[in-house]
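What follows is one structure encoded as structure tokens, with my remarks underneath.
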Amino acid sequence: MSSDEADTARSTPLREITLRFGYLRRVALVALNPVLAAHDLTPPGFHVLFRLATEGGELPQQELALDVELDPAGVSRLLSRMIDRGLLTAARDPSDRRRRIVQLTDAGRGLYERLDPEVDAAIRDVVVGLTPEEERTLLRLLDKAASATRERELREEG
């Protein structure tokens, strides 16, 4: 098999993976949007709450920006709205004044805790047909791909 044939053989499954990600994302957003809209949140806003609530309550803005699928200005606007609502605070990193550290407030944690079971119920049927072991395997593979991609993005920005 030539190098071109190998590249084509590999790109076909990658395209199929991308198409399936897109489909499942659309299905998940259809399920999530009404739940989040009832709390004046968007999926990126909930994701910010989720990341902060599950990772110690504070993260650099740059790291959150990689996750929420918004351009830097969109991330700044989203975080500003959440800060205005009292869900987050943000402060310059004392060790690197170029970085902002975003923190979850008690109100933000409370909203996340109220929303978490509603979000779980809304997306429970998005990925059906998998055993619990298959779900863990899929998550492990997605984590591996996401981690490698995140590391590459941080190196490129860095």
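Side notes on the structure shown:
- The lone exception for Q103 - which of (1) in contact with a strand residue (DSSP E or B) (Cβ under 9 Å, 6 or more places away or on another chain); (2) part of a helix (DSSP H, G or I) it fails: (2)
- With respect to being among the aliphatic types (A, V, I, L, M), within 28 Å of Y23 (Cα to Cα) and exposed (fewer than 12 other Cβ atoms within 10 Å of the Cβ), A146 falls outside the description.
- Scanning the stretch 41-61 for residues that are without any contact (Cβ under 8 Å) to a residue 24 or more places away in the chain and not hydroxyl-bearing (S, T, Y), we see that the one that is farthest from G110 (Cα to Cα) is P43.
- Residue that is more than 20 Å from A28 (Cβ to Cβ), among the acidic types (D, E) and either at pLDDT 90 or above or not in a helix (DSSP H, G or I) (or both), where the choices are E118, E133, E69, E63: E133
- Screening A90 on (1) surrounded by 11 or more Cβ atoms within 10 Å (Cβ to Cβ); (2) part of a helix (DSSP H, G or I) shows it passes everything except condition (2).
- Filtering L49, L32 for residues that are under 13 Å from the mean Cα position of the chain (by Cα) and either assigned to a helix (DSSP H, G or I) or modelled with pLDDT of 90 or more (or both) leaves a single hit, L49.
The values are calculated or read from the model by the stated rules, or taken from the named source; none is laboratory data. All of these numbers come straight from a predicted model, not from anything done at the bench. Virtual Cβ from ideal backbone geometry, glycine too; neighbours counted across all protein chains shown.
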